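Report on the structure given below.
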Amino acid sequence: MKIREPYHEGEVRVQELAGERDVALLTARTIRDRVAVPAFRFLAMQRHLVLGRADGEHACEATVLFGDPGFLRVEAEGKALSIALEPERDRHLDPVLAALAVGDRISGLAIELATRRRLRLNGRVRALDLARLVLEVDESYQSCPKYIQKRVVEIDADFDSSTTRSEQTVSSGTALLEPQRALVRAADTLFVVTVHPEGHADASHRGGEPGFVHVDDDGALSIPDYVGNSMFNTLGNITTNPRAALLFWDFDQKRLLHLAGRAELRFGVGDRELATGGTGRSWTFHTERWIEQRLSLPFRLRLVERSPFNPSPTTRS
């Protein structure tokens, strides 16, 4: 049975280099042009959504939107996702919301850490005002639960409900400073936004043991590519457009670190049985600008266990 080609040239190139082209074609059967009905309730239960944006020059940014359960609502028989926004939030501090407009290409990643379930939604901004953002869904599909660290929501008894949940900029810059490097070194989770050759945004997740992201002396980040679903959306996008955005969420200290810059794919990494989990693939990210923000949230995400699929990080000199 012949399967319609669902991938662009960059994805096909990486699939062939990895020897996983046939698996990728089978996996493509999970892609839908709308949110599947079983995912309606899943989305309604979420408290946060990773959101990526691509601009007209194929650059991108990443952020996280927050709300009480029910702030995400599927509409139009799965063709639209309505996202309730916090009117008091200062959007000028957010690298995605600050410039967002109707027609922009955006990508959402709903990830429930407690159950290791995640759903990707790609499309455009159909409507936007102070209270609501509507994502018109072009693509929706589930991703595998590998490398997701299990965390559960715990209500923060010390949270002052009279305060706003909006973010506050702590610091920003171009080259990463030691406090930001330390946050990256300690991370077991990151989110990445890349851009399709036609300008569509794509948001994805990466996870591993603390230290799986290595910070080089010059500040470049080395990120391993573990065995996944064989689609290679992120790496395929990087091969056609190096511009990317990363987002690190410090769950304990309630901080977000937004990075924007350029990425480069590497095959045949020498430590193929160690840092890359045996794939021999990794990618390097060069930060061009960063923003660190402190979150005011009524809950925390407490670590229960890390993924049993995480390769052990390699100690590098």
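Here are the numbers for the structure shown:
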| item | result |
| --- | --- |
| ARG124 long-range amide H proximity, modeled H, under 5 Å | ILE106, GLU136, ASP138 |
| Extension gain from ARG132 to ALA175, taking 0.36 nm per residue of separation minus the Cα-Cα distance | 12.1 nm |
| Karplus 3J(HN,Hα) series, Hz, for the stretch 278-286 with 6.51 cos²θ - 1.76 cosθ + 1.60 (x for Gly, Pro) | x, 7, x, 10, 7, 9, 10, 10, 10 |
| Amide hydrogen neighbours beyond the local backbone of PHE309, cut-off 5 Å, H modeled | TYR147 |
| Residue-wise HN-Hα coupling along the stretch 26-38, computed from phi with Karplus coefficients 6.51, -1.76, 1.60 (Hz; x: Gly, Pro) | 5, 5, 4, 5, 7, 6, 10, 8, 7, 6, 5, 3, x |
| Per-residue Cβ neighbour rank within 10 angstrom, fewest leading, LEU295, LEU51, LEU176 | LEU295, LEU176, LEU51 |
| Whole-Hz ³J(HN,Hα) from phi, Karplus 6.51 cos²θ - 1.76 cosθ + 1.60, for the stretch 144-158, glycine and proline x | 5, x, 4, 6, 8, 7, 6, 10, 10, 6, 10, 5, 7, 5, 8 |
| Loop-exposed trypsin sites (Lys or Arg not before Pro) per DSSP, neighbour cap 10 Cβ within 10 angstrom, longest uninterrupted part of the chain | 5-317 |
| ASP202, ASP104, ASP158 arranged by Cβ crowding within 10 Å, fewest neighbours leading | ASP158, ASP104, ASP202 |
| Span from the the stretch 213-275 Cα centroid across to the the stretch 1-60 one, whole angstrom | 18 Å |
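Values quoted throughout were computed directly from the atomic coordinates according to the rules given, and no laboratory measurement underlies them. Note that the coordinates shown come from a computational prediction; the quantities given were computed from them, not determined experimentally. Note that we place each Cβ from the backbone using ideal geometry, even for glycine, and neighbour counts take in every protein chain shown.
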